[in-house]
Amino acid sequence: MTHRERSKAQHNFTTALIVDDHPLFCDALSMTLQAVSGIRQVTTADCMKSALEAVASGAQPDLIVLDLNLPDVNGLSGLLRLRNSSKAPIMVVSSMADNRILSSVIHAGASGFVPKHSQRDVFKTAIETLTNGERFIPPGYVLLSDARAEEEQDSASRLASLTNQQARILQLICEGKLNKQIAFDLSIAETTVKAHVTAIMRKLGVQSRTQAVLLAKDTSFSNVLHDRG
């Protein structure tokens, strides 16, 4: 079975945006990308909020390299929000590496997946593959197609429809905070929080805060993150 699958048109990568909250890894990955490809300009963002703001302000990288586990988001929702905000191919580079996670991110629109522990030649092959308009799946991994992946993608799509403020409020709800506490933390009126909560539940297709929390946690690979510390 080939590790390359045809996707869209060819690309010419000269700029990249790395979204990862570990400075040392960002530095190492930046040097790796420039050493194995034609990428010459690399910018970084340490959270999803910063990445989305960079894209919204006009940054148009040729390639986005994304870690799944960020301070303000983890799992598929961040990937989908970034995909909806930029036309650049997204290559996920993650320490959470198994066939289920790989399949979930590919089905959610990522152009490639590279485990963080990979050697430099794997990154080189991944960049070459994406440059040719093909989808990259690393050796030893298999793209799964099952109902669970589709269900998780649907939930993530709903989460990705939230605005930045709504996503922040949902995160605080997941931390167990009440509307009054959220209003204080965000310096907004409690009535505004209530309006956002109503909109959040409508977008997620749930009837209660508890259901919203369960959907958010289930879609963020929380079990995988917990199992791996």
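The values are calculated or read from the model by the stated rules, or taken from the named source; none is laboratory data. Everything numeric here is computed off the predicted structure, so don't read it as measured data. Counting neighbours? That spans all protein chains shown, and the Cβs are built from the backbone with ideal geometry, glycine included.
The table below lists the values:
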{"read-out": "Subset tally (residues that are touching a Lys or Arg at 6+ places or on another chain (Cβ under 9 Å) and surrounded by fewer than 19 Cβ atoms within 10 Å (Cβ to Cβ)) for the range 33-56", "value": "4"}
{"read-out": "Residue in the range 68-82 that is closer than 23 Å to residue 139 by Cβ and at pLDDT 90 or above present", "value": "no"}
{"read-out": "Number of the condition not met by residue 80 [criteria: (1) surrounded by fewer than 20 Cβ atoms within 10 Å (Cβ to Cβ); (2) over 22 Å from residue 22 (Cβ atoms)]", "value": "(1)"}
{"read-out": "Yes/no for residue 123 being modelled with pLDDT of 90 or more, surrounded by 20 or more Cβ atoms within 10 Å (Cβ to Cβ), under 17 Å from the mean Cα position of the chain (by Cα) and not in a loop (DSSP other than H, G, I, E, B)", "value": "no"}
{"read-out": "Among the residues listed as 200, 169, 188, 182, the single one being assigned to a helix (DSSP H, G or I), more than 28 Å from residue 151 (Cβ to Cβ), of a type in the set (Val, Ile, Thr) and not assigned by TED's automatic domain parsing to the domain that holds residue 76", "value": "182"}
